[in-house]
1. Could you calculate the FRET efficiency of Arg221 with Lys263 from 1/(1 + (r/R0)^6), where r is the beta carbon distance between them and R0 is 35 Å, rounded to 0.05?
2. State in Å² the accessible area per residue of the chain; use a 1.4 Å probe, count heavy atoms of protein chains only, and round to the nearest integer.
3. Where the accessible area of segment 118-266 is counted over protein heavy atoms with a 1.4 Å probe, how much of it, in %, is carbon and sulfur?
4. Cα centroids of segment 177-217 and segment 100-137: how far apart, whole angstrom?
5. Which of the trypsin sites (Lys or Arg not before Pro) found in segment 1-61 are loop residues per DSSP with 12 or fewer other Cβ atoms within 10 Å of their Cβ?
6. Treating only the Cβ atoms of Lys and Arg (+1) and Asp and Glu (-1) as charged, compute the dipole magnitude of the chain about its Cα centre; round to the nearest 20 debye.
7. How much accessible surface does Glu127 have with a 1.4 Å probe, in Å² rounded to 10?
8. Which of the trypsin sites (Lys or Arg not before Pro) across segment 176-266 are loop residues per DSSP, with 16 or fewer other Cβ within 10 Å?
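The values are calculated or read from the model by the stated rules, or taken from the named source; none is laboratory data. This one's a predicted model, so the numbers in the text were calculated from it and none came from an experiment. Cβ atoms come from the backbone with ideal geometry, glycine included; neighbour counts cover every protein chain shown. What goes into the accessible areas is simple: the full protein's heavy atoms, side chains included, and nothing from ligands, DNA or RNA. Shrake-Rupley method; radii C 1.70, N 1.55, O 1.52, S 1.80 Å.
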Amino acid sequence: MIIAQISDPHITTIETDESAANLQRAVDHLMQLPTLPDVVLVTGDCADTGSRAEYERLQILLSPLTMPVYVIPGNHDDRAVMLQMFGAQGQQPLDGFVQYVVDREPLRLIALDTNVPGRGEGALCTERLAWLEARLAEAPTRPTILFLHHPPFLTGLAPLDKIRLLDADALGAIIARSPQVERIVAGHVHVPMLRRFHGTIAMSCPATASSLLPDLNQPQRLAVRLETPACLLHVWNDSTGLLTYTSVIGAHGPVVELHDGEKWLG
Ligand SMILES: [Fe+2]
């Protein structure tokens, strides 16, 4: 099973905006993979200002994807508009939030809504956390992926940490009791990062709209480049467990076969 993840498309209604072309490149890339993903997750900042017209454009841009696509809100999104436009996704949706379960045997995917209207930081209130705890209790041995917009860790980059997930400790307490959580996958920071988190692995996905170029010597400064560098492929096999690949988008060299299934090629 292949769960593809793209993040932060930041779609606008400006005709010439690069974000639409960048998302189109990511969608084309997914549809040209040797094996099509079973599911695509879009981990927030789907639209840049949360207008209805932006989501209409997003839906058109995502429409070439032939597999189920699941979206969650980021801090740039409007939850109410997303609920209207995307309807109830998955199973067991939490009323009033974009939170739901996607059962894809043998995996279980759980969408979390960290949006705080009008704010950059993310939160998971008591209601959202209680819903998560109940869903995890239903299937304590099913390998589970949580997907949410705000990663539950500090990045060390000051402007990003000001808009961090506020309830990371409360989420961590639940994760520590839930060993079936194989991965927590997020967006928000526009750069791939990975950290140990209460017995699981938490990671962020590259953004399709722009790539963050942090200056690690000056963590109070940030820059971006307008490009779509990569997406993530979370691949489950019973023999390997959950592996996450970075799938690079863009110009590629020629394909050189190394192994034909029986032997290494010269
Ligand atoms: Fe973003």
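1. 0.10
2. Values: 12300 Å² over 266 residues.
Per residue, the chain has 46 Å² of solvent-accessible surface.
3. So the carbon and sulfur contribution to the accessible surface is 56 percent.
4. Segment 177-217 and segment 100-137 have Cα centres separated by 16 Å.
5. Passing both the DSSP loop test and the Cβ count: no residue.
6. For this selection, approximately 540 debye.
7. Accessible surface of Glu127 is approximately 100 Å².
8. The qualifying sites are Arg177, Arg221, Lys263.
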